1. If you go through segment 25-61, how many residues are out of contact with any helix residue (DSSP H, G or I) (no Cβ under 8 Å at 6 or more places or on another chain) and without any contact (Cβ under 8 Å) to a residue 24 or more places away in the chain?
2. Which of (1) loosely packed, with under 14 Cβ neighbours inside 10 Å; (2) within 30 Å of residue 91 (Cβ to Cβ); (3) assigned by TED's automatic domain parsing to the domain that holds residue 240 is the odd one out, the single condition residue 126 does not satisfy?
3. Identify the residue in segment 199-248 that is at pLDDT below 90 and under 27 Å from residue 105 (Cβ atoms) and, among all such residues, is surrounded by the fewest Cβ atoms within 10 Å (Cβ to Cβ).
4. Given segment 24-88, what strands (runs of 3 or more DSSP E) lie entirely inside it while holding 3 or more residues that are more than 23 Å from residue 222 (Cβ to Cβ)?
5. Within the group 192, 181, which residue is assigned to a loop (DSSP other than H, G, I, E, B) and not assigned by TED's automatic domain parsing to the domain that holds residue 44?
6. What number of residues in segment 124-161 are outside any loop (DSSP other than H, G, I, E, B) and within 30 Å of residue 180 (Cβ to Cβ)?
7. Return yes when residue 149 is at pLDDT 85 or above and surrounded by 14 or more Cβ atoms within 10 Å (Cβ to Cβ) and no when it is not.
8. Determine whether residue 119 is at pLDDT below 95 and in contact with a strand residue (DSSP E or B) (Cβ under 7 Å, 6 or more places away or on another chain).
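The values are calculated or read from the model by the stated rules, or taken from the named source; none is laboratory data. Not measured: the values here are computed from a predicted model. Positions of Cβ are generated from backbone atoms using ideal geometry, with glycine treated the same way; all protein chains shown enter the neighbour counts.
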């Protein structure tokens, strides 16, 4: 790949290197969780997990497995940093998002470690652009403690079916009640918290909907990228406590 010639000879200084022949495979996934400006990146030998949160009530995670990348190298057990997601997406689409059929933007992400910027090498049509984005002190992400042993309802369906259902909803409503069993409990969720997940729904081919015994909602989306590879996006949402208290 042409980008390989753009890096310094001392490439071993980087604690993280991740390359993609098509940057859109990453930008599409990140757009699906972009409901806040900042995101936390956690890289391990398994790949990269990107987390976005809102008011301790909503969390979105994008999982990009190491196998998705054409090159993936990590020199530490884990690498974590916080970054402005809006700026990152602007850089990833700096060539216009590769709207021309058959034309893709190659990407190489490099990170030196704590305190250093995330460096992006982007190449399209022989033109190379280098972007450096400041990273920030990572904040501790929420642990929703969503354990499979506590799941009381689960359904897996084609995304087309859920998209059709959502299209018939009044998205201006304040809450949405989800009934997955003829028996109580029934849970209601704030529509404002569910709206961001529709971005992931539009990309996905399958979706798993689960609720646990506390009423926490998990929406896990299976996304097939342009190369036919599979990534996952998961949203966790807290139930509407005020409605729950009124019903009790």
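1. Here the count works out to 2.
2. (3) is the only condition that residue 126 fails.
3. Of everything passing the filter in segment 199-248, 228 is surrounded by the fewest Cβ atoms within 10 Å (Cβ to Cβ).
4. Details: elements: 38-44, 47-54, 58-65, 71-74, 79-84.
Hits in segment 24-88: 71-74, 79-84.
5. Values: 192 fails: assigned to a loop (DSSP other than H, G, I, E, B).
Checking each option against the conditions leaves just 181.
6. Applying the first criterion (outside any loop (DSSP other than H, G, I, E, B)) to segment 124-161 yields 124, 127-133, 135-136, 148-161.
Narrowing further to those that are within 30 Å of residue 180 (Cβ to Cβ): 148-161.
Of the residues in segment 124-161, 14 are outside any loop (DSSP other than H, G, I, E, B) and within 30 Å of residue 180 (Cβ to Cβ).
7. Here the answer is no, as residue 149 does not meet what is asked.
8. Working: at pLDDT below 95: no; in contact with a strand residue (DSSP E or B) (Cβ under 7 Å, 6 or more places away or on another chain): yes.
Answer is no for this residue.
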